[in-house]
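The values are calculated or read from the model by the stated rules, or taken from the named source; none is laboratory data. Everything quoted here is computed from the prediction, not taken from an experiment. In this analysis, Cβ positions are derived from the backbone assuming ideal geometry, glycine residues included, and neighbour counts consider all displayed protein chains. We work out accessible area using only protein heavy atoms, side chains counted, and drop any ligands, DNA or RNA first. Shrake-Rupley method; radii C 1.70, N 1.55, O 1.52, S 1.80 Å.
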Amino acid sequence: MEQLMRDFFLFLSKNKALTKLAKRYGLRFGASRFVAGETIELATKVIQELNKNGLLVTIDYLGEFVDNEKEANEMADNSIIAIEAIGREKLQSQLSLKMTSMGLDISDQVVLHNMRRILEAAKKNDVFVTIDMEDYSRAQKTIEIFKQLKSEYDNVGTVIQAYLYRTEKDIVELNDFHPNLRLVKGAYKESPEVAYPDKKDVDVNFKKIIKMHMLNGNYTAVATHDDAIIEYTKQLAKKHGITNDQFEFQMLYGIRPERQVELVKDGYTMRVYVPYGTDWYGYFMRRLAERPANVAFVLKGILKK
Ligand SMILES: Cc1cc2nc3c(=O)[nH]c(=O)nc-3n(C[C@H](O)[C@H](O)[C@H](O)COP(=O)(O)OP(=O)(O)OC[C@H]3O[C@@H](n4cnc5c(N)ncnc54)[C@H](O)[C@@H]3O)c2cc1C
């Protein structure tokens, strides 16, 4: 049943007609639990509140799978607006983005042009930028472009997904760049030809890559809501004398907020991924796919209206 629901919401996340409808009708139907608002002003307020509680942030102007240059340029402009807001308002925030929204599917030239514009603005405002990892078909290209950008800029990192078979090799190959990586389980629907279908295997691989990357001496962001993985990371750090400034935990806005604050109180760095913008539909559907309890929460919200 859980697998069926997951497949259903991941299918919905790619539906173009529903994406358009969602954009038109705004943040209704419970999406506001996971999305900070449609404007940078609303997102700024949310970030200020999180910062007050000791939580760091990475902000994401929502959008993905852009297929024309004009829209890709506008997406990049909006990320730059977010970076400037971080600088101006002195927010304790980094930036996250998806390269399909910067023109990854259009051409190398378009995506590199937009990424360099963003990284220049980020350098000026002392903001770190993480390139989210999208579906498997874009993984190789994303890593190649990341390597190119990392050779030009210090303030850029990317994401590695534990569910992919290729991941261990990526961690080994990326080590030459000493990258700051966010490690995650993986959120897209992938074929068993490229990704572990069984959650248990994903968890084993997740622990393996956390250990590899941390013991390689690279800064590691462990992005998960899973207490078993959090505990594993804490113990690993303790055992190998890895100090708390060498790694951080990350969670999504609206998911386990009490746990986020608890980890800060225990002396760990916790960064919250805060998405905002009008293109929230695909992101929202992936959150529903992850956890049936999220669907129940949203349904309750609708019924109360
Ligand atoms: C900051 C951040 C950035 C991310 N970036 C990317 C990316 O670039 N690319 C990508 O593919 N994916 C990304 N993801 C998503 C990620 O791949 C997973 O899909 C998502 O985090 C769910 O997996 P999980 O590790 O939280 O554990 P799950 O396997 O979903 O959950 C494990 C356990 O955690 C606990 N748990 C989970 N949710 C809750 C809850 N709401 N309340 C209480 N307990 C809960 C439960 O005990 C559950 O059994 C990101 C996730 C985070 C947190």
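Which one of 160, 171 is β-branched (Val, Ile, Thr) and not in a strand (DSSP E or B)? That would be 171, the only listed residue that is β-branched (Val, Ile, Thr) and not in a strand (DSSP E or B).
I need the full set of residues from the range 263-281 which are assigned to a helix (DSSP H, G or I), open to solvent by less than 40 Å² (accessible area, probe 1.4 Å) and under 19 Å from residue 48 (Cα atoms), in order please.
Scanning the range 263-281 gives 263, 264.
Any residue that is open to solvent by 50 Å² or more (accessible area, probe 1.4 Å), hydrophobic (A, V, I, L, M, F, W, C), assigned to a helix (DSSP H, G or I) and modelled with pLDDT under 65 - is there at least one of those in the range 19-37? Checking the range 19-37: at least one residue is open to solvent by 50 Å² or more (accessible area, probe 1.4 Å), hydrophobic (A, V, I, L, M, F, W, C), assigned to a helix (DSSP H, G or I) and modelled with pLDDT under 65.
All conditions but one from (1) crowded, with 21+ Cβ neighbours inside 10 Å; (2) touching a residue at least 40 places away in the same chain (Cβ under 8 Å) apply to residue 122; the one that does not is (2). Take the residues of the range 196-212 that are aliphatic (A, V, I, L, M) and either open to solvent by less than 10 Å² (accessible area, probe 1.4 Å) or more than 12 Å from the ligand (Cβ to nearest atom) (or both): which is nearest to residue 271 (Cα to Cα)? Top of the filtered list is 210.
For the range 56-72, a residue qualifies if it is farther than 16 Å from residue 282 by Cβ and assigned to a loop (DSSP other than H, G, I, E, B), and exactly one does: 68.
Looking at the structure I just gave you, is residue 185 buried (at least 17 other Cβ atoms within 10 Å of the Cβ), of a type outside the set (Phe, Trp, Tyr), modelled with pLDDT of 95 or more and within 13 Å of the ligand (Cβ to nearest atom)? Answer is yes for this residue. Pairing each residue of the range 218-229 that is more than 19 Å from residue 175 (Cβ to Cβ) with any residue that is more than 9 Å from the ligand (Cβ to nearest atom) and open to solvent by 10 Å² or more (accessible area, probe 1.4 Å), provided the two are 6+ apart or on different chains, yields C-beta distances under 8 Å for 229/207.
For the range 216-232, give me the residue count where each residue is more than 10 Å from the ligand (Cβ to nearest atom) and within 24 Å of residue 95 (Cβ to Cβ). Total meeting the criteria: 3. For residue 290, the conditions (1) of a type outside the set (Val, Ile, Thr); (2) surrounded by fewer than 15 Cβ atoms within 10 Å (Cβ to Cβ); (3) within 8 Å of the ligand (Cβ to nearest atom) are fulfilled apart from (2).
Inside the range 213-262, can you point out the residues that are small (Gly, Ala, Ser), within 18 Å of the chain's Cα centre (by Cα) and open to solvent by 10 Å² or more (accessible area, probe 1.4 Å)? Passing the criteria: 223, 254.
Got a number for residues in the range 125-135 being surrounded by fewer than 21 Cβ atoms within 10 Å (Cβ to Cβ) and near the ligand (Cβ under 10 Å from one of its atoms)?
Within the range 125-135, the first condition is being surrounded by fewer than 21 Cβ atoms within 10 Å (Cβ to Cβ), and the residues that meet it are 125-126, 128, 132, 135.
Pick out the ones that are also near the ligand (Cβ under 10 Å from one of its atoms) and you get 132, 135.
Result for the range 125-135: 2.
Are any residues in the range 84-112 more than 20 Å from residue 138 (Cβ to Cβ), in contact (Cβ under 8 Å) with a residue 40 or more places away in the chain and more than 16 Å from the chain's Cα centre (by Cα), and if so, which ones? The answer is 84, 85, 86, 87, 89, 91, 92.
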